[in-house]
1. Any chance you could count how many residues in region A:74-100 are under 22 Å from A:GLY22 (Cα atoms), in a strand (DSSP E or B) and out of contact with any Leu (no Cβ under 7 Å at 6 or more places or on another chain)?
2. Determine which single condition B:PRO140 fails, assuming it passes every other condition in (1) assigned to a helix (DSSP H, G or I); (2) over 17 Å from B:GLY207 (Cβ atoms).
3. Could you tell me whether A:SER225 is in contact with a strand residue (DSSP E or B) (Cβ under 9 Å, 6 or more places away or on another chain) and within 21 Å of B:GLU297 (Cα to Cα)?
4. For region A:148-180, give me the residue count where each residue is touching a helix residue (DSSP H, G or I) at 6+ places or on another chain (Cβ under 6 Å), of a type in the set (A, V, I, L, M, F, W, C), without any contact (Cβ under 8 Å) to a residue 40 or more places away in the chain and assigned to a helix (DSSP H, G or I).
5. Mind checking which pairs have a first residue in region A:181-192 that is of a type in the set (Ser, Thr, Tyr) and a second that is in a helix (DSSP H, G or I), Cβ under 7 Å, 6 or more apart or different chains?
6. Among the residues of region B:254-302, count how many are within 12 Å of chain A (Cβ to nearest Cβ), touching a strand residue (DSSP E or B) at 6+ places or on another chain (Cβ under 8 Å) and at pLDDT 95 or above.
7. Have a look at B:VAL171, B:VAL212, B:VAL164 and point out the one that is under 27 Å from B:VAL135 (Cβ atoms), crowded, with 23+ Cβ neighbours inside 10 Å, of a type in the set (Val, Ile, Thr) and within 11 Å of chain A (Cβ to nearest Cβ).
8. State yes or no: is B:THR100 over 22 Å from B:SER40 (Cβ atoms), touching a residue at least 12 places away in the same chain (Cβ under 8 Å) and among the β-branched types (Val, Ile, Thr)?
Protein chains: 2
Amino acid sequence: MSEGHVLIVGSVALDSVKTPSGTAERALGGAATYSSVAASFFSPVKIVGVVGEDFPTEHIAFLESRGIDTEGLQVVPGGKTFHWAGTYEGDMNQANTLATELNVFQDFRPELPESYTSSEFVFLANIDPELQLKVLDQLPNAKLTAMDTMNFWISGKPDALREVMSRVDVVFINDAELRQLTGTVNLTKASAQVHELGPKYVIVKKGEHGAVMYCDQSTCFSAASYPLDEVIDPTGAGDSFAGGFMGYIATTPALTPDNLRKAVVYGSTLASFNVQDFSLNRFKRLTKPEIADRYEEFKRIVFFEEMDS
Amino acid sequence: MSEGHVLIVGSVALDSVKTPSGTAERALGGAATYSSVAASFFSPVKIVGVVGEDFPTEHIAFLESRGIDTEGLQVVPGGKTFHWAGTYEGDMNQANTLATELNVFQDFRPELPESYTSSEFVFLANIDPELQLKVLDQLPNAKLTAMDTMNFWISGKPDALREVMSRVDVVFINDAELRQLTGTVNLTKASAQVHELGPKYVIVKKGEHGAVMYCDQSTCFSAASYPLDEVIDPTGAGDSFAGGFMGYIATTPALTPDNLRKAVVYGSTLASFNVQDFSLNRFKRLTKPEIADRYEEFKRIVFFEEMDS
């Protein structure tokens with residue numbers, strides 16, 4: 001295992017979520033939070049984000065207990081933390097947003113502490129693509145950069161978004177966003193269109209249908225989802241996926257296709273745990289042996305023998 | 001390879017189909033047709049169906065050229081063949097039916113020729129579940145029975161349908177039908193509910209998202225779909241899947257989990273070829289080496305290494 005750490009930039013939030021299984025009120029959330037904690041099961045993490053004075057100190061203590069460097073987590077005196085409220089129904093693939101209060105996140109300008117600028121593994125979680133570009137400018141030593149986004153930026157800042165995509169190595173995107181971005185229904189063809197923008201890898205997150213990685217003019221890896229007979233709260237699944245991916249890849253000596261495939265499976269593993277409870281509650285009690293067992297389960301459910309010779 | 005053949009009962013049709021790629025007019029179609037031809041790449045097939053006098057003799061010649069026994073294919077003098085017309089748009093997962101003319105299929109009563117009744121591998125393609133039950137009554141030697149269905153029977157004859165499911169070994173069903181049948185959105189939970197009706201294996205066909213097999217109280221296998229950047233005509237994909245599955249499993253010495261997994265992959269393989277052209281046109285030029293190559297591709301795209309020790 002190398003000493004690489006993962007730098008993660010994005011939202012830290014307090015979420016109110018309602019699903020068929022129950023509710024969570026102003027619980028710990030945010031893309032940078034989910035991805036940082038997921039990554040922390042594999043690698044040290046440095047987080048960049050902003051919260052208000054209302055942000056419970058116990059949450060910061062939790063992040064630090066996971067080995068996450070919070071020097072880059074600004075606390076705005078008198079400010080209020082980003083708050084999202086939403087519900088999930090039916091197939092739980094799509095959240096219905098009830099409220100988005102940006103609060104201190106509205107004026108978020110990610111400033112990297114000096115100790116962060118040598119980072120080699122960088123995940124730009126869903127934020128304004130213009131800010132994602134400014135972060136990239138501060139990271140001359142990056143060895144693997146990755147980004148995520150959302151429908152809001154696809155429709156609102158498509159040009160800046162495409163510029164970010166042209167500058168990163170990995171684009172994480174879900175199937176609905178991929179179709180929105182490209183105007184193409186066929187996911188293989190749509191992935192190829194994003195790949196042409198420049199990233200080496202386009203990783204399409206399909207929720208209950210797994211994930212697909214596109215590289216070198218073709219789909220190079222298709223990962224199953226872990227079969228769960230109950231999803232408690234899908235919030236943060238995609239961020240947990242990206243975090244698991246980044247955390248694992250930062251431990252590998254080289255960005256080989258085999259290591260990238262394993263990173264996708266670790267991402268799927270972390271996402272599958274995350275949806276088994278509200279907020280980051282499942283991660284709070286998650287253990288390395290559980291991760292190892294589930295990785296093996298992923299291997300077991302997709303295994304089939306060679307052809308008869 | 002054993003000498004098992006596959007008995008397939010279902011519709012033989014002339015389809016008019018329009019997709020973004022083009023149109024086919026009164027082309028060879030029908031669930032029994034697609035599944036029989038798919039199965040014929042692995043095993044001898046005996047088909048049971050009905051057509052009218054208008055059914056082109058070249059289609060019967062094609063079936064026979066594939067080693068399909070057509071003794072059970074009734075030709076009704078003066079009758080007209082079942083005709084379906086539909087279009088596909090958008091994500092191509094759902095057909096819009098323009099016309100369904102049952103014609104001779106309306107009075108279809110599957111009668112098995114004496115030479116068919118010793119069949120060990122039986123696929124009941126989508127027909128009236130009461131007819132499926134009558135076919136099962138005629139097959140005392142069946143070693144593996146499988147069935148498919150559609151939304152029309154799920155809403156119209158749910159009790160008969162559940163009785164068929166309780167009597168077969170394998171239920172093929174697509175994700176939308178599974179949710180309709182069970183009223184359950186979560187596919188793992190819904191599969192468990194069908195499994196409780198009695199079948200040993202519930203195989204959920206998810207189109208572009210692959211297929212999942214449920215057995216022994218859990219998801220025992222998850223198969224990727226083959227990544228295609230263009231689907232010409234999705235008609236018959238599910239039937240081709242079932243046919244490939246049945247054709248392969250009939251060649252195996254035992255119904256082991258490993259053989260069932262391979263059968264699912266062969267089913268996925270045949271389905272992936274079928275959608276690459278209208279009607280059965282791709283099957284007409286499909287070769288065994290192409291099937292072998294694609295099976296290997298399926299293996300390649302889902303492969304990932306063991307965990308680091």
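1. 8
2. All conditions are met except number (1).
3. Details: in contact with a strand residue (DSSP E or B) (Cβ under 9 Å, 6 or more places away or on another chain): yes; within 21 Å of B:GLU297 (Cα to Cα): yes.
The answer is yes for A:SER225.
4. The total comes to 5.
5. Listed by first residue and then by second, the contacts come to A:THR182/A:ALA190; A:THR182/A:GLN193; A:THR182/A:VAL194; A:THR184/A:ALA190; A:THR184/A:GLN193; A:SER191/A:LEU178.
6. Restricting attention to region B:254-302, the residues satisfying the condition of being within 12 Å of chain A (Cβ to nearest Cβ) are B:256-269, B:272, B:275, B:288-289, B:291-302.
After this cut, where a residue has to be touching a strand residue (DSSP E or B) at 6+ places or on another chain (Cβ under 8 Å) as well, the list is B:257, B:260-261, B:264-265, B:267-268, B:298, B:301-302.
Next, from what is left, pick out any that are at pLDDT 95 or above: B:260-261, B:264-265, B:267-268, B:298, B:301-302.
Of the residues in region B:254-302, 9 are within 12 Å of chain A (Cβ to nearest Cβ), touching a strand residue (DSSP E or B) at 6+ places or on another chain (Cβ under 8 Å) and at pLDDT 95 or above.
7. Working: B:VAL171 fails: within 11 Å of chain A (Cβ to nearest Cβ); B:VAL164 fails: within 11 Å of chain A (Cβ to nearest Cβ).
Only one candidate qualifies: B:VAL212.
8. On the way: over 22 Å from B:SER40 (Cβ atoms): yes; touching a residue at least 12 places away in the same chain (Cβ under 8 Å): yes; among the β-branched types (Val, Ile, Thr): yes.
So B:THR100 passes the test.
The values are calculated or read from the model by the stated rules, or taken from the named source; none is laboratory data. This one's a predicted model, so the numbers in the text were calculated from it and none came from an experiment. With ideal geometry, Cβ positions are generated from the backbone for all residues, glycine too; neighbour counts draw on all protein chains shown.
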